[in-house]
Amino acid sequence: MKLAATIFGAHQLVSHGHILVDGKKVDRRSFQVRPGMVITVKEKSRNMKAIQEAMDNPARTVPDYLSFDATKFGGQLLALPTTEQMPWPIEIKLHEICDFLSHST
């Protein structure tokens, strides 16, 4: 949601307790967000330099399965992403990987 510059930065924000889900602090990276849940930054954490820089980066976009409101420092998971909507760092042909693994011994 443009709240961190990298996935590792996002993990750190969660681990350090800067993120709220439906108004409750979440500090586990493995927390499962379901559609309809609202994710925000804690009021006290909104002035952090890392968050401000990530939000100000014009090159970053928010995927279609998320909504984002910069004035509220957060947004909502609208729907679970499909495989095609997930931003992979390299081209992945998931069906070929599954086919290969199913025939491996």
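The values are calculated or read from the model by the stated rules, or taken from the named source; none is laboratory data. Computed from a predicted model, the values in this text were never measured in an experiment. Positions of Cβ are generated from backbone atoms using ideal geometry, with glycine treated the same way; all protein chains shown enter the neighbour counts. Note: accessible area is taken over every heavy atom of the protein model, side chains too, but ligands, DNA and RNA are not part of it. Shrake-Rupley method; radii C 1.70, N 1.55, O 1.52, S 1.80 Å.
Helix-only arithmetic for the chain: the sum of -39500 (n - 2.57) across DSSP H runs with n ≥ 4, divided by the residue total, places the mean residue ellipticity at 222 nm at -7500 deg cm²/dmol. Applying both filters, DSSP loop and at most 15 other Cβ atoms within 10 Å, to the chymotrypsin sites (Phe, Trp or Tyr not before Pro) of region 1-86 gives PHE31, TYR65. Of MET48, THR61, GLY36, which is farthest towards the positive pole of region 29-90's charge dipole, taken about the Cα centre with +1 and -1 on the beta-carbons of Lys, Arg and Asp, Glu respectively? Checked the options; the winner is MET48.
For volume of the Cα convex hull per residue in Å³, the candidate list reads [x] 110; [y] 128; [z] 79; the entry that matches the value derived from this model is [y]. Computed extension gain for LYS49 through GLN32, at 0.36 nm per residue and net of the alpha carbon distance, reaches 3.4 nm. Looking at the chain, the accessible area is 75 square angstrom per residue; that uses a 1.4 Å probe and ignores ligands, DNA and RNA.
When only Cα pairs below 8 angstrom with a gap of at least 6 residues are kept, the chain shows a relative contact order of 27 percent. Dipole check for the chain: with +1 at the C-beta of Lys and Arg, -1 at the C-beta of Asp and Glu, and the Cα centre as origin, the magnitude is about 620 Debye.
Of the residues VAL26, VAL38, VAL62, the one that moves most in a GNM of the chain with alpha-carbon contacts below 10 Å is VAL62. Element breakdown for the chain at a 1.4 angstrom probe: carbon and sulfur atoms account for 56% of the accessible area. Geometric descriptor of region 6-65, per residue, is 93 Å³ (volume of the convex hull of the Cα atoms).
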